[in-house]
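Below is one structure, written out as structure tokens, with a few remarks after it.
The values are calculated or read from the model by the stated rules, or taken from the named source; none is laboratory data. Owing to the predicted nature of the structure, the values given are computational and were not obtained by experimental measurement. As a convention, Cβ positions derive from the backbone with ideal geometry for all residues, glycine included, and neighbour counts pool all protein chains shown. These area figures cover heavy atoms from the full protein model, side chains too; ligands, DNA and RNA do not enter into them. Shrake-Rupley method; radii C 1.70, N 1.55, O 1.52, S 1.80 Å.
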Amino acid sequence: MDDRLRELFVGEEAWIVGGAVRDELLLRPVLDLDVACGDPRDAAHRFARRFGGSVFSLSERHGAWRVVAGGAVETVDFTPLGQGIDADLATRDFTFNAIAVDVHTGATRDPLGGRADLHAGVVRVVSDSVFVDDPLRLLRAVRFEDELGFRVDERTEALLRASAALVVEPAGERILAEVERLSADGYRRLDQVGLLAPLGGVLDARLEALDDPDFRLVAVFGANLSRLPISNEVKRYAAALRRAERPPDPSLRSIHRFRRSTEPWALDALAYVGAPEFVGIVEAARRAEPTDPLLRGDELGLEPGPAIGRILDAIDEERAAGTISTREEALALARDLAAQESGA
């Protein structure tokens, strides 16, 4: 599967395991390799010296090391072989991730019937303790169903439902990495097996209004999205969608106010508030938006303060609504508004 590994492990036992083998059998792109070997630390450093890449410890507890290699294969993880390849495979999550390939001969080791489950489209746990050992596997089971078009077998689904309360135990970063890969059907499946509610999510009618992972996060988790370690960009996106109000009419003024509240995500916000009929109007407003303002704050002759921002916003709105179009008209409006501010 990888000539570099064959060269690296001359005279040593080593196996490619896990997702790389699964994806190769499914004819999917293989971006990461997981190698079980005798001395992961030494192997990682030798690999990086010989073929390039950055080395760091992936898990001190488990003795795993990673090389970020670049190229067609982005990362190579080296994990301890321990008591042999069969014992290693018995600790994995699902049978189709418990297949190993000898780096020297290419021979396949499949003691748990993972290849048969791949062909049958079945997600099957390796053991009854899989979800207790690592509760993130609860989400991975549903994600594999969703991404691969597979279905969990009856025993695995029973274990999923019985272990649902454990789903909140993994670190937020790990939970987020799984749920943001789910489709609308994936979220529905989470709900069906009892995993969505403990995470603070609910099925929402807007779930399929837009095919976008961040949109689905907002639709499903709403205010509870703050429980997850989302980026600042996603926080701003979620806030824009959640404060959006459906435009009362298609007037230029209404569309301007909607855009002022929701850009640069106005189109997503229209989907969120269920107003797709305004998409064309918003797109036209974007194309027609002037490059330069009619007035700048330092041209108003006012003391610095919030009044300047309010006046400039009002000028922008009247320009968008078509009631003013020149600098002179903007100055006249600014004088009127400044007088109102001073008399307030």
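Quick rundown of the values:
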| item | result |
| --- | --- |
| Theoretical FRET efficiency, 1/(1+(r/R0)^6), r = Cβ-Cβ of R296 and R28, R0 35 Å, to 0.05 | 0.05 |
| Kyte-Doolittle mean at least -0.5, axial Cα span of 20 Å or more - DSSP H helices of the chain | 306-321, 327-343 |
| Potential lengthening between A116 and A171 on full extension [0.36 nm per residue; Cα-Cα distance subtracted] | 16.5 nm |
| Per residue accessible area in Å² of the chain, where ligands, DNA and RNA are left out and the probe is 1.4 Å | 50 |
| Top positive-direction residue, dipole computed over the chain with Cβ charges, set F9, V179, G114 | V179 |
| MRE, 222 nm, helices only [DSSP H, n ≥ 4, -39500 (n - 2.57), over the chain, to nearest 500] | -13500 deg cm²/dmol |
| Cα centre as origin, Lys/Arg/Asp/Glu Cβ charges: the chain dipole, Debye | 260 |
| Cα-centred dipole magnitude for the stretch 177-296, charges only on beta-carbon of K, R (+1) and D, E (-1), debye, nearest 20 | 460 |
| Between the stretch 93-159 and the stretch 295-344, the alpha-carbon center distance in angstrom | 64 |
| Mean Cα-pair separation over length for the stretch 38-80, i.e. relative contact order, pairs under 8 Å, 6 or more apart, % | 39 |
| Entry for Kirkwood radius over Cα pairs in Å (calculated from the structure that is shown) out of [x] 21.5; [y] 22.1; [z] 24.3 | [z] |
| About the Cα centre, charge dipole magnitude for the stretch 129-196 (Lys/Arg +1, Asp/Glu -1 at Cβ), debye | 80 |
| Length added when fully stretched, E180-R155, from 0.36 nm per residue minus Cα-Cα | 6.4 nm |
| Surface share of carbon and sulfur [accessible, 1.4 angstrom probe, percent] for the chain | 49 |
